[in-house]
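Q: Submitted below is the structure of interest, expressed as structure tokens.
The values are calculated or read from the model by the stated rules, or taken from the named source; none is laboratory data. What you see is a predicted model, and the numbers here were worked out from it, not measured in a lab. Using ideal geometry, Cβ is built from the backbone for each residue, glycine included, and neighbour counts are taken over all protein chains shown. Note: areas computed on protein heavy atoms with side chains; ligands, DNA, RNA excluded. Shrake-Rupley method; radii C 1.70, N 1.55, O 1.52, S 1.80 Å.
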Amino acid sequence: MSVFVGILVSDPWLQTQFTQVELRRLQTKFRSSRNESGIVSLGALPEIMVQLKGINGALSSEEVKDVLSETCSDWEQEVDFESFLRVYLDLQATASTRRTTTKKGDLRSKYSFRSTSFLKAATTTLRHTISESEKTTYVSHINSFLADDPFLNKYLPIDPTSNALFEMAKDGVLLCKLINVAVPNTIDERAINMKQALNPWERNENHTLCLNSAKAIGCTVVNIGTQDLIEGRPHLVLGLISQIIKIQLLADVNLKKTPQLVQLVDDSQNVEELMGLPPEKILLKWMNFHLKKTGYDKMVTNFSSDLKDGEAYVRLLNAVAPELSTTEALEVSDPTERASMIIQQAEKLDCKRYVTPKDIVDGATNLNLAFVAQIFQNRNGLSVEEDSSKNSYAEMMMTDDPQTSREERCFRLWINSLGIESYVNNLFEDVRTGWVLLEVLDKVCPECVNWKLASEPPIKLPFKKVENCNQVISIGKELKFSLVNVGGNDIVQGNKKLILAFLWQLMRFTMLQLLKNLRSHAAKGGTGKEITDGDILRWANNKVEKSGRASRIESFKDKQMGSGVFFLELLSAVEGRVVNWSLVTKGETDEDKKLNATYIISVARKLGCTIFLLPEDIIEVNQKMMLTLTASIMYWSLQRKAIETELA
């Protein structure tokens, strides 16, 4: 690969949203748009933006101007490069939403792993309007689940008719707490800055911790930055909250958590397909499974129009809880009255109010999804089949050793954090077509994929999958990955060991390239040399030694790292104020090691590191994860140093 001088921006989050190739192209476009006074004005942006990838063909210059006019009125004001980048990201999200809702028959919209608007900031539209009904529902959810929180209880309940939700989100505490409700123990709350009044630095730390932790549970936050949250921008805050709540509500909609779901399929081959479905699709399949038994002859294919008349809800509730519900609502002709009866029936199952009668009649997608998920959680109506070959096959497919499971999780979340079009729900199933891997390769190594030779899902012909995967392997070899005797068919067959090995090399390559680009920039035009694992190890030891600490590691397999002390000293060395040493233990007992490990992960995320490891990876000294953690800290440190040099 060619080496180039890296372009740096002052906001670490903004830096991560673009590859260096993208930044160079955008910077060239930005500079070429300067007027006679040598500046780029706000008024020039509409014509510039409609020429850029992701916006061209989706939005007109008038529509771009319409978006910009929401926040600005002085068209002569100067726009700096970072503001230019932020506007570009915002408009890309708007254009993406426009395409999703207007392109009929598009292959990607038919088969996107990110198949519902719930997973994205669904409230993003041309005018950034938000759904008051969604806001009310999410506020109710927050009031319910965080009512007993010792820090937040004095601010709750939030008034859903006001903008108090967005005001409360500005210090980051609420969002961090909500992430822990969705996926317990994601954030070590000792790392959250919690006090009555936070200074700007502390607020920024909380939001950095929030966004990096949101990525670590599967949220898509490509178009959200810390400044957006600090300002409490309603459409972005609500979009993030909707994703967090969705993850909480759909946590059990998978074969691992609910093995009874195997009843939804007929044979072992279909078990594989079920494992590869996103939770939303599984919910629809579950719903249709029960509806079919009631004699309902329609197929529910969405959480909107297919549920408006309420008939599917009436029949579903009667199927899963016949002793608590009836079909009397079907005799009611008024849709709103029928919807009201449905909600009353659901409350007998202890379902929380995620919808109003109006939401059902209007076909509110996000809220209907939440409502169906609640019904599933409280009464799925499935039973475990004894001595079933499907059960045995499903158990075999899902039985992984702990390290394999953790690595699958790490690579899946990493892929989803990159902002590619596809969304990965089950790593080993979703990569088998090769398409997702090609998207990742194109993201981390721009223009390395020959898209003319690639086939986009759904792919019916097996040899097309092999062709995709062969190209993946070919690119891997060009990047000097170790792929001896590995072919595309190994990926198609779902060989877990080889898939993990390939993804580890791809993640490692990405990290080393980021570090190399920083070094090239520091060399001010020099080519810089390749970064090695040894360079990262030496950097870490030198940092700790210069800070006056005594810890030192011999390799990324060094067992003393299991105590966590070395990483805490490293984090303190790169940013002295980030570690509260009164919370640190010596790491001598298993309990103390875990306390240190959870604290390390949250402190690193709070600093700005995007990492996906678990406390167990530190305690057990997982060599791969030790390297990624150290490299992430090194990247943050060198990036800050480079920015400070630029600004000096």
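Q: State, as an integer percentage, the relative contact order of the chain based on alpha-carbon contacts under 8 Å between residues 6 or more apart.
A: RCO, the chain: 14 percent.
Q: Okay, next question. Give, rounded to the nearest 20 debye, the magnitude of the charge dipole that the stretch 238-310 has about its Cα centre when Lys and Arg contribute +1 at Cβ and Asp and Glu contribute -1 at Cβ.
A: In total the dipole reaches around 220 debye.
Q: Another one. Name the residue from GLY608, GLY381, SER33 whose Cα lies farthest towards the positive end of the charge dipole of the chain, charges +1 on Cβ of Lys and Arg and -1 on Cβ of Asp and Glu.
A: SER33
Q: Taking 45 Å as R0, compute the FRET efficiency from the Cβ-Cβ separation of SER547 and LYS195 and round it to 0.05.
A: About 0.95, to the nearest 0.05.
Q: Label points 7 Å out from Cα along the Cβ direction at ASP558 and SER144: separation in nm?
A: In this crude spin-label approximation the distance works out to 5.0 nm.
Q: Sorted by accessible area (1.4 Å probe), largest first, how do MET625, MET299, MET341 line up?
A: Working: MET625 5, MET299 130, MET341 50 Å².
Ranked list, largest accessible area first: MET299, MET341, MET625.
Q: Short version: ³J(HN,Hα) in whole Hz for each residue of the stretch 243-252, in order, from phi by Karplus 6.51 cos²θ - 1.76 cosθ + 1.60 (θ = phi - 60°), x for Gly and Pro, what are they?
A: Values, residue by residue: 5, 4, 5, 4, 4, 5, 6, 9, 4, 9 Hz.
Q: Still on this structure: Roughly what would the spin-label model give for LYS298 and LYS641, points 7 Å off Cα along C-beta, in nm?
A: 6.4 nm
Q: Between the DSSP loop rule and a limit of at most 11 other Cβ atoms within 10 Å, which GluC sites (Glu not before Pro) in the stretch 248-342 are left?
A: Values: sites: GLU272, GLU273, GLU280, GLU311, GLU323, GLU328, GLU331, GLU337; in loops: GLU323.
Within the stretch 248-342, the qualifying GluC sites (Glu not before Pro) (loop, at most 11 other Cβ atoms within 10 Å) are GLU323.
Q: Show that you can apply the helix-only estimate: for the chain, add -39,500 (n - 2.57) for every DSSP H stretch of four or more residues, divide by all residues, and state [θ] at 222 nm to the nearest 500.
A: Mean residue ellipticity, 222 nm, calculated: -17000 deg cm²/dmol.
Q: Follow-up. Apply the Karplus curve 6.51 cos²θ - 1.76 cosθ + 1.60, θ = phi - 60°, to the phi angles in the stretch 590-606 and return the couplings in whole Hz, x for Gly and Pro.
A: Using θ = phi - 60°, the values come out as 4, 5, 5, 4, 5, 4, 5, 5, 5, 5, 4, 4, 5, 5, 5, 5, 5 Hz.
Q: Any of LYS281/LYS464; LYS281/LYS606; LYS293/LYS358 with alpha carbons more than 32 Å apart? Name them for me.
A: Violating the 32 Å Cα-Cα cut-off are LYS281/LYS606.
Q: Please give the peptides 32-40, 506-514, 541-549 ranked by average Cβ packing (other Cβ atoms within 10 Å per residue), highest first, as a rough proxy for protection.
A: Result, highest mean first: 506-514, 541-549, 32-40.
Q: Let me ask something else. Enter the Cα centre distance for the pair the stretch 572-631 and the stretch 253-313, rounded to the nearest angstrom.
A: The stretch 572-631 and the stretch 253-313 have Cα centres spaced 41 Å from each other.
Q: So, one more: In debye to the nearest 20, how big a dipole does the stretch 259-395 give about its Cα centre with +1 on each Lys and Arg Cβ and -1 on each Asp and Glu Cβ?
A: My answer is approximately 340 debye.
Q: Further question: Could you state how much accessible area THR137 has, in square angstrom rounded to the nearest 10, with a 1.4 Å probe and all protein chains kept in place?
A: Per-residue accessible area (THR137): approximately 10 Å².
Q: Here is a follow-up. Would you mind working out the magnitude of the charge dipole of the chain relative to its Cα centre, with +1 at each Lys and Arg C-beta and -1 at each Asp and Glu C-beta, to the nearest 20 Debye?
A: Roughly 1580 debye, rounded to the nearest 20.
Q: Over the stretch 402-516, what is the relative contact order in whole percent, taking alpha-carbon pairs under 8 Å and six or more residues apart?
A: Over the stretch 402-516, the number comes to 24 percent.
Q: Which entry in (i) 31.2; (ii) 87.7; (iii) 39.4 is this structure's computed mean projected area of the Cα convex hull in nm²?
A: (i)
Q: Also, quick follow-up: Considering only THR326, LEU156, GLY434, whose Cα is most displaced toward the positive end of the charge dipole of the chain, charges sitting on Cβ of Lys, Arg (+1) and Asp, Glu (-1)?
A: It is GLY434, whose Cα lies furthest towards the positive end.
Q: For the stretch 164-181, in order, what is each residue's ³J(HN,Hα) by Karplus, 6.51 cos²θ - 1.76 cosθ + 1.60 with θ = phi - 60°, in whole Hz (x at glycine and Pro)?
A: Per residue, the Karplus-derived 3J(HN,Hα) values read 4, 4, 6, 5, 5, 6, 5, 9, x, 5, 4, 5, 4, 5, 5, 4, 5, 5 Hz.
Q: Multiply the residue gap between ASP252 and SER405 by 0.36 nm, knock off their C-alpha separation, and tell me the result in nm, one decimal place.
A: Gain on extension, ASP252 to SER405, equals 53.4 nm.
Q: Taking the full set of protein chains and a 1.4 angstrom probe, give the accessible area of ILE130 in square angstrom, rounded to the nearest 10.
A: 40 Å²
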